[in-house]
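Below is one structure, written out as structure tokens; the observations come after it.
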Amino acid sequence: MQKLLQFFGDLSIAWNAPLDALIAAGLSEKLAAQVVDQRKDINPEELFAGLQQKGIHILIREDDQYPKKLREIDQPPPVLYTLGEITGEDEWAVAVVGTRRMTGYGKQVASELAAFLARHGITVVSGLARGIDAVAHHSSLQAGGRTIAVLGCGVDVIYPPENRQLYLQIIQQGAVISDYAPGTAPEGINFPPRNRIIAGLSAATVVIEAANTSGALITCNFALEQGREVFAVPGSIYAAQSKGTNYLIQQGARPLVDFDEILEVLQYKHIDQSKSARKLLPESEVEAQLLQVLGDYPTHVDEIYVKTGLPMAVISSTLTLLELKGMVYKTGNMNYSVIRELNSDYERKNGDG
């Protein structure tokens, strides 16, 4: 889809393009032939109307509502199907994953952790699977929080079936999302790829219990590739469900022994103030000027003063407001950096990326 967008500039043009043009855009002859053949039986307008009747929303990467963190990863899904609503509050998200065959210990940790995150305004992301995933979703909802379920099937397919009530609750208090087309069955090969979305939506992934071959470890691998934090809950050396988490700790994952560590590492201590500030304090020309000067690497206030020419008092007060908004962070010794997701979004809007 990225090749088609780059070549045609518009997917509607690409949809109607002849075979030779699709090949010229970079598609293989086989794939181009499949597109030409399959579109004979597809009416986009009817398909879109059918999705609307089901309440299914479509997000593409160019949409403002497309999750910012997910847009940052390599090859983000070009299309997301959603039931429910993804909001700006979901920028603060943590994935909670683990085995389907949880122990009483794993269930307790998952329940208490999800409730803790919800009480601190952090969206819980998981995969709606049996075991740890279901407990994490349920406890987040019970605590009045938001939660997002990423499916390995179409968003209109409830799997596993016993999570039907939970699925319906998530739609009311969060979102169910998938990059698989509606109606796609929950086949085994679908689940490992969807784990990249779970990790991609989240600032960190927490694994509570996992065997050595658990899909939760796949989610961790994606999180590490995406430059996100990974926490693992220590467990008994005799428990099969803890072999994967203990291995992660052995390999350098952060052992989670205190829930507050998540807030400290992710700088989520003042999340409520950040959310309030984003709603109450509009952007100004001064804010825009500072954001343009700041980058991913720490910049000292003296350098900001030289580059902007603004009074130091104005720079200091504006940086404080931007920090409350969650747009910049202070790295010590009066150095500031733009939050990475904001920096990439700002560059896109201003044509500097």
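Values in this text are rule-based calculations from the coordinates and carry no lab data. For clarity, every value in this text was computed on a predicted model and none was experimentally measured. Cβ: placed from backbone, ideal geometry, glycine included. Neighbour counts: every protein chain shown.
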Just how large is the dipole of the chain about the Cα centre, in debye to the nearest 20, putting +1 at every Lys and Arg Cβ and -1 at every Asp and Glu Cβ? 860
Would you mind getting me the FRET efficiency between residue 259 and residue 173? Use the beta-carbon distance for r and R0 = 30 Å, nearest 0.05. 0.90
Cβ charges +1 (Lys, Arg) and -1 (Asp, Glu), total dipole of the range 58-129, debye: 500
Among 6, 245, 300, pick out the residue whose Cα is farthest towards the positive end of the charge dipole of the chain, where Lys and Arg carry +1 and Asp and Glu carry -1 on C-beta, about the Cα centre. 245
Output the pairs from 68/325; 107/243; 3/30; 69/107 with a Cα-Cα distance over 18 Å in this structure; if there are none, say none. 69/107
Under a point-charge model restricted to the Cβ atoms of Lys and Arg (+1) and Asp and Glu (-1), what is the dipole moment magnitude of the range 1-41 relative to its Cα centre, in debye to the nearest 20? 60
The range 180-207-the range 134-177 distance, computed between alpha-carbon centres (Å): 13
Diffing the range 34-47: the Karplus 3J(HN,Hα) column from phi (6.51, -1.76, 1.60, θ = phi - 60°), in whole Hz with x for Gly and Pro, holds 5, 4, 4, 6, 6, 6, 5, 9, 10, 10, x, 5, 5, 4
Would you order 15, 92 from fewest to most other beta-carbon atoms within 10 Å of each residue's own beta-carbon? 15, 92
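Where does the chain land at 222 nm, in deg cm²/dmol rounded to the nearest 500, when only DSSP H runs of n ≥ 4 count, each adding -39500 (n - 2.57), divided by all residues?
-13000 deg cm²/dmol
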What is the Cα centroid distance between the range 302-322 and the range 18-89, reported in whole angstrom? 43
Using +1 at the C-beta of Lys and Arg and -1 at the C-beta of Asp and Glu, which of 144, 22, 86 has the Cα lying farthest in the positive direction of the dipole of the range 9-150? 144
Just to be sure I understand: of the beta bridges DSSP finds with both ends in the chain, what percent are antiparallel, rounded to 5? 40
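Find how much the distance from residue 72 to residue 37 grows on full extension, using 0.36 nm per residue of separation minus their present alpha carbon separation; answer in nm with one decimal.
9.3 nm is the gain from fully extending residue 72 to residue 37.
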